[in-house]
Amino acid sequence: MIKGGNYLEALTCVDTVVFDKTGTLTKGIFKVSKVNTHDISKDRLIEIAALGESFSNHPIAQSIVKEYNKEIDNSRIRDYTELSGYGIKAKIDDEYVLLGNFKLMEKYNIECNEIQSVGTVIYVAVSDKYVGSIVIEDAIKEDSKEAIKKLKKLGIKNVVMLTGDNKKVAQKVGDELEIDEVYGGLLPGDKVSKVEELLNNSSRNKVAFVGDGINDAPVLARADIGIAMGGIGSDAAIEAADVVLMKDSINSLVDAII
Ligand code: ADP
Ligand code: MG
């Protein structure tokens, strides 16, 4: 679905395509692969994480709630805040809990070491003390690699990936998909600045951004052409986008550019 004829024309002038990672190039279906505990039982860590994530619709949150696999009593969770690009802050029973990436731990001065993992790591802190981490893994969509190859054949000069996930995961996905430029560890605002840089470098041609809208609606709005994944995309994404892909596959983007 294309919102206006000018975007149809603009699509033919695209030379840079920027992708969001989670939910766009990858399935956004995470599975818990490792649990690291620090003075806490594994079951308790998962329980705290699942309670904290129960109000979030981020794919990370859904995987942790699924791993817990028990009924959640919503009345145990208060003061819930989602910190875009960082994670979650909430009060569970009587304790403040933080759940998110290493940046979140730094932001709140929680003492802990960064785990070097090719999986996405969710750090957990209770009452300002690090209690462990949960490593989760996502898979690349079956057709992402082929679609990127086709985009290059069509004359797209620069294929870029932006992600809020850690740099190791970013590089692994980037290498596997033969992406030209990979940037990890970005906050939603950093994604906007990166796209602005690319817009400046590509003055005569157009820059398209493809995302699912979770933490990237501002970038969808800022690119010359914002392209949202319609199926799993959030309402905010569909609102902010110029083009909505009805199938959540980037192969349908290739069709749109042809
Ligand atoms: P991407 O840029 O790959 O689409 P996001 O911007 O959605 O990823 O998220 C960036 C990072 O922020 C995640 O990799 C994770 O570390 C952290 N994060 C976001 N939402 C949550 C959440 N609900 N729980 C824990 N961590 C989260
Ligand atoms: Mg995303």
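With the requirement that a residue be touching a residue at least 40 places away in the same chain (Cβ under 8 Å) and over 23 Å from the mean Cα position of the chain (by Cα), what does segment 31-41 give you? Spell out how you get there, then give the answer.
Here is the first cut: in segment 31-41, the residues touching a residue at least 40 places away in the same chain (Cβ under 8 Å) are 31-40.
The answer is T37, H38, D39, I40.
Search segment 74-110 for residues being of a type in the set (S, T, Y) and away from ligand 1 (no atom under 15 Å from the Cβ), and hand back the single one that is farthest from the chain's Cα centre (by Cα). Quick ask: steps written out before the conclusion?
Let us first name the residues in segment 74-110 that are of a type in the set (S, T, Y), namely 75, 80-81, 84, 86, 96, 108.
When the remaining residues are screened for being away from ligand 1 (no atom under 15 Å from the Cβ), the result is 75, 96.
Details: S75: 28, Y96: 25 Å.
Among them, the one singled out is S75.
Conditions tested, residue by residue: (1) out of contact with any helix residue (DSSP H, G or I) (no Cβ under 7 Å at 6 or more places or on another chain); (2) assigned to a strand (DSSP E or B); (3) aromatic (F, W, Y); (4) open to solvent by 40 Å² or more (accessible area, probe 1.4 Å).
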position	(1), (2), (3), (4)
Q62	yes, no, no, yes
K66	yes, no, no, yes
E71	yes, no, no, yes
R78	yes, yes, no, yes
I115	yes, no, no, yes
V124	no, yes, no, no
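Quick one: which helices (runs of 4 or more DSSP H) sit completely within segment 183-258 and have at least 2 residues that are more than 18 Å from K27 (Cβ to Cβ) and of a type in the set (D, E, K, R)? Don't jump to the end; show me each part of the working.
Details: elements: 188-201, 217-222, 235-240, 251-257.
Here the list reads 188-201, 235-240.
Please enumerate the residues belonging to segment 96-113 that are touching a residue at least 24 places away in the same chain (Cβ under 8 Å) and assigned to a strand (DSSP E or B).
Y96, V97, L98, L99
Only one residue in E146, E142, E176 is away from ligand 1 (no atom under 13 Å from the Cβ) and part of a loop (DSSP other than H, G, I, E, B). Which one?
Numbers: E146 fails: part of a loop (DSSP other than H, G, I, E, B); E176 fails: part of a loop (DSSP other than H, G, I, E, B).
The conditions single out E142.
Identify all residues within segment 80-101 that are within 16 Å of ligand 2 (Cβ to nearest atom) and charged (D, E, K, R); write none if there are none. Let's see the steps before the verdict.
Here is the first cut: in segment 80-101, the ones within 16 Å of ligand 2 (Cβ to nearest atom) are 82-88, 100-101.
The one that is within 16 Å of ligand 2 (Cβ to nearest atom) and charged (D, E, K, R): E82.
Which of the residues belonging to segment 7-35 are polar (S, T, N, Q) and either surrounded by 17 or more Cβ atoms within 10 Å (Cβ to Cβ) or within 24 Å of K150 (Cβ to Cβ) (or both)? Spell out how you get there, then give the answer.
The initial filter retains those residues of segment 7-35 that are polar (S, T, N, Q), namely 12, 16, 22, 24, 26, 33.
Selection gives T12, T16, T22, T24, T26.
The values are calculated or read from the model by the stated rules, or taken from the named source; none is laboratory data. None of these values were measured; they are calculated from a predicted model. Don't worry about glycine lacking a Cβ; one is built from the backbone with ideal geometry, like all the others, and counts go over all protein chains shown. Note: accessible area is taken over every heavy atom of the protein model, side chains too, but ligands, DNA and RNA are not part of it. Shrake-Rupley method; radii C 1.70, N 1.55, O 1.52, S 1.80 Å.
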